[in-house]
1. With the requirement that a residue be in contact with a helix residue (DSSP H, G or I) (Cβ under 7 Å, 6 or more places away or on another chain) and either aromatic (Phe, Trp, Tyr) or without any contact (Cβ under 8 Å) to a residue 60 or more places away in the chain (or both), what does the stretch 474-491 give you?
2. Restricting to the stretch 396-414, name every residue that is farther than 20 Å from ALA362 by Cβ and either among the aromatic types (Phe, Trp, Tyr) or part of a loop (DSSP other than H, G, I, E, B) (or both).
3. Given the criterion under 26 Å from SER63 (Cα atoms), in contact with a Lys or Arg (Cβ under 9 Å, 6 or more places away or on another chain) and β-branched (Val, Ile, Thr), identify the matching residue among VAL194, VAL139, VAL104.
4. State whether one or more residues within the stretch 363-382 are crowded, with 16+ Cβ neighbours inside 10 Å, touching a Pro at 6+ places or on another chain (Cβ under 8 Å) and hydrophobic (A, V, I, L, M, F, W, C).
5. Report yes if some residue within the stretch 322-334 is without any contact (Cβ under 8 Å) to a residue 40 or more places away in the chain, in contact with a helix residue (DSSP H, G or I) (Cβ under 7 Å, 6 or more places away or on another chain) and either surrounded by 15 or more Cβ atoms within 10 Å (Cβ to Cβ) or β-branched (Val, Ile, Thr) (or both); otherwise report no.
6. In the list HIS277, HIS241, which residue meets the criterion of being surrounded by 14 or more Cβ atoms within 10 Å (Cβ to Cβ), more than 23 Å from GLN292 (Cβ to Cβ) and at pLDDT 95 or above?
7. How about the stretch 43-95: which of its residues are under 24 Å from the mean Cα position of the chain (by Cα) and surrounded by fewer than 17 Cβ atoms within 10 Å (Cβ to Cβ)?
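The values are calculated or read from the model by the stated rules, or taken from the named source; none is laboratory data. Quick caveat, the model's predicted, so the values are computed rather than measured. Cβ: placed from backbone, ideal geometry, glycine included. Neighbour counts: every protein chain shown.
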Amino acid sequence: MQRFWIVWATLLVSHGLLHAQPIVRVGAGSYSTALPPGAGEPPPKVLAAPGLKGKMPTNDWWSALAWMPFGERQYPHPLAVQCERKGLRVFYPGSNITGNQAAVFGFMPDKSGDDLVLGHAGQAEFTEALVDGYSDWFVSVRFANGANALRLTYGHGSPFVFALLDGGAAKVTFGQAPKVWSGDEQSAVLGVTVGNKHYGLFGPSGSTWTGLGEKTFTNRSTKPYFSLAVLPDNTAPTLKHFAHYAHNHVTDTQVAWSYEPKSAEVTTTFTYTTKAHEGDAEGTLFALYPHQWRHTDSKLSGQEYPSVRGRMKLAEGKAFQTRMKFSGVLPVLPSTGDRQRLEGYLKAEVDTKEPGLTDTYAEGKWLGRTACLIPVAEQAQLDGLTQTLRERVRQRLETWFTAADRDGKPKSKGLFVYNERWGTLIGYPASFGSDKELNDHHFHYGYYLRAAAEIARHDPAWAKADRWGGMVQLLIRDMASPDRNDPLFPFLRCFDPYAGHSWASGHAKFGDGNNHESSSEAMNAWYGLILWGEATGDTKLRDLGVWLYVTEMAAINEYWFDVRGENFPKGYPVPVVTMIWGGKGANATWFSAKPEHIHGINWLPIHAGSLYLGHHPGYAQKNYDWMAKAKGGAKWDEWADIIWMYRAFSDPDDALKQFEGGLDRIKFEDGNTRAHTYHWLAAVKELGQVEPTVTADYPLTAVFRKDGKRVYCISNTGDAPRTVTFSDGVQVRAEARKTVAVRAEK
């Protein structure tokens, strides 16, 4: 009889006669498919071509195409493009990149008139431009109007735009009549210069041109393909070289990664799939960003493109690889400082009343700050405080990981809701556009993941999929699903594998492209993923976390910090870009003009996953000095705790001195505590400077240098003793579930 009613109810639901329950169980937890009263959600329509499969990527450099008709300006680099009714407007920032104290500028003008528009000879204007395909760093857009259609493909690092046409041939309209320096009306290939920018126009073999000497060139051909490319110079050999690859249209791009613990090496492989419409070339041409070409052994051509990220270097082929080293992370720094003093700070934190449920970002901050205290108290052998803190975090996570109240009814707040249309999990109450715009999911959920990893470190059973781990897995998949065929979420939502960093805006509907401000909060998410994977024994997720962490770290050092001083233009005097945009790099934040906020937003939250901030102590000194100068002296109104913790990377004595002198007059940053700040400052003073050149065959490690001697740190989260071998040959043994620091004898 029970089976009969289940079958009957299923039939009623399928015919719309009975509503399905909105609560979906996931192990011991659950999420909802129904919005809480008054909650917001993303738009009701995704602008995709009919038949496009998979969950639409968001938080990408081209995401505006899916959110608004014809999208906004996009910055795949070295090109900038924008879809318009007449076709694709193409612009090369190139030599126009400038900088002043406000920003690095390499944006695309907001109106036609510069460079060119690639359109359709048989169609003056199109009625729509829809996402027609995408891969890991390329996108295809279909412009259509009746039988006439134009499908354009372009992507990160590519100097090409590839075109397929229905109902006619290609038309190129320039802002001004260009100079033709190679070819004529009877040539399939033209080399042209508009302003000071050089382009190759590649018609099919046998095609001809009309309109030379005017502003509009029309390619005459019965073949349905065409391409154009921005050229690094206006020489015949360069044009010939580009023509060799011009009709190899990129049809797919895929990234693959691996982490080898024994060598601590992280390898990233970028692979291109192409279709040759004519010719015998294999592969394509691609330009590598600084964080890529510094770490590749692929042959580079010697030709370059200026970009807002620095010099992009040209290469060719079907694939290339980068190799980087992972210097490790720790759940906690191995030090307690003055135990009695630390205990007082921890007790004060425990005695503080827990806040009520608020939005996902504020909640994440509370979870993160509390989770950081658990291993600090544990290391100090304060068992009662440790248990209290751990229980608070566990209960709070379980509250959020349950979508129904005790009576089984959907909750109005403190829950996650799945949106089928956009393939995303949204926490409510939302904030900073995390609901309607799908912003900042890795910022918010990274704190939850960090907290869950801390619970899992002590209680692996809690983290199993049939208990609470299933909900954690959903948050991970929402931020950075490693599965291109994930039925619920897009691939690597928040992370751009070619750019090497995350994007914050879900829609990217800005003239400067997408943006990303707090690089350190992205690192917080990947740090949490490493800890979660290690605690649960899920090496695939751990390795994903290591890859994301190492790659984003490389991008931060290049594009936010420019630690080598090679990427920012000469006119930009500031040692940090606070916010990366597709078309610029800003010395500003969304919320404040205070120097401590402008600098500190790319440091917080500081914890034992933040040691990368100390890899370049000379730069850390430079960054701090500039902030102090901008402030008019080291007198901090806000976030002094974060500043002191960062200061410890360049001068731990001064950091501790400032802490002692300013402790009674500051308000701590919302994601931090007095106890954690003191523990950190005492630990860094005791351990010394971070030494990233020494790696280990186990991920939860770090190496420091104090008084000329190395200090080797290990957090053994396993149930058995572990001996770790470091790359300098030193071996260190750590007992089960212990964090140790061993000083070298010499």
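1. Residues of the stretch 474-491 that are in contact with a helix residue (DSSP H, G or I) (Cβ under 7 Å, 6 or more places away or on another chain), as a first pass: 475-476, 478-480, 482, 486, 488-489.
Matches in the stretch 474-491: LEU475, ASP478, MET479, PHE489.
2. Our first condition is that a residue be farther than 20 Å from ALA362 by Cβ; within the stretch 396-414, this holds for 404-410.
Once the filter is applied, which keeps residues that are farther than 20 Å from ALA362 by Cβ and either among the aromatic types (Phe, Trp, Tyr) or part of a loop (DSSP other than H, G, I, E, B) (or both), the stretch 396-414 yields ASP405, ARG406, ASP407, GLY408, LYS409.
3. Values: VAL194 fails: under 26 Å from SER63 (Cα atoms); VAL139 fails: in contact with a Lys or Arg (Cβ under 9 Å, 6 or more places away or on another chain).
Unique residue meeting the criteria: VAL104.
4. Scanning the stretch 363-382 turns up at least one residue that is crowded, with 16+ Cβ neighbours inside 10 Å, touching a Pro at 6+ places or on another chain (Cβ under 8 Å) and hydrophobic (A, V, I, L, M, F, W, C).
5. Looking only at the stretch 322-334, we keep the residues that are without any contact (Cβ under 8 Å) to a residue 40 or more places away in the chain, and these are none.
The answer is no, given that none of the residues of the stretch 322-334 is without any contact (Cβ under 8 Å) to a residue 40 or more places away in the chain, in contact with a helix residue (DSSP H, G or I) (Cβ under 7 Å, 6 or more places away or on another chain) and either surrounded by 15 or more Cβ atoms within 10 Å (Cβ to Cβ) or β-branched (Val, Ile, Thr) (or both).
6. Working: HIS241 fails: more than 23 Å from GLN292 (Cβ to Cβ).
The conditions single out HIS277.
7. Matches in the stretch 43-95: PRO43, LYS53, GLY54, MET68.
Condition check ((1) in a strand (DSSP E or B); (2) surrounded by 20 or more Cβ atoms within 10 Å (Cβ to Cβ); (3) of a type in the set (Ser, Thr, Tyr)) across all residues:
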site: TRP636; (1), (2), (3): no, yes, no
site: SER650; (1), (2), (3): no, yes, yes
site: GLY661; (1), (2), (3): no, no, no
site: ASP664; (1), (2), (3): no, no, no
site: ALA675; (1), (2), (3): no, yes, no
site: TYR698; (1), (2), (3): no, yes, yes
site: VAL711; (1), (2), (3): yes, yes, no
site: ALA736; (1), (2), (3): no, no, no
